[in-house]
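The values are calculated or read from the model by the stated rules, or taken from the named source; none is laboratory data. As the structure is a prediction and not an experimental result, all values here were calculated from the model. Positions of Cβ are backbone-derived with ideal geometry, glycine not excepted, and every protein chain shown enters the neighbour counts.
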Amino acid sequence: MPKTILKRDVLKPAIKEINLKISDMDLELFQTKRGRSVTQVKIHNNFIRNNRYK
C-alpha cells in the first residue's frame, strides 16, 4: 500500500476519530521527509489536562 493512501485512508481518519471520541487526547501526525520520500512517521499525543481531575 503506498504511503499516501495509508495516510489518507487509514491514519488521518483514525486520528480524527480518536480526537473526537477521547476528550483529553489530541493526536498529531508528523512526517519526516528526505527529498520527496517519507522516511519517518510519528504520532504525537498532546495530552489535554481535564480540570475535573485536579
* Asked: Do we find a residue being aromatic (Phe, Trp, Tyr) and either in a loop (DSSP other than H, G, I, E, B) or modelled with pLDDT under 90 (or both) anywhere in the range 30-52?
  -> yes
* Of all residues making up the range 15-31, the number that are under 20 Å from Thr4 (Cα atoms) and either surrounded by fewer than 10 Cβ atoms within 10 Å (Cβ to Cβ) or not β-branched (Val, Ile, Thr) (or both) -> 7
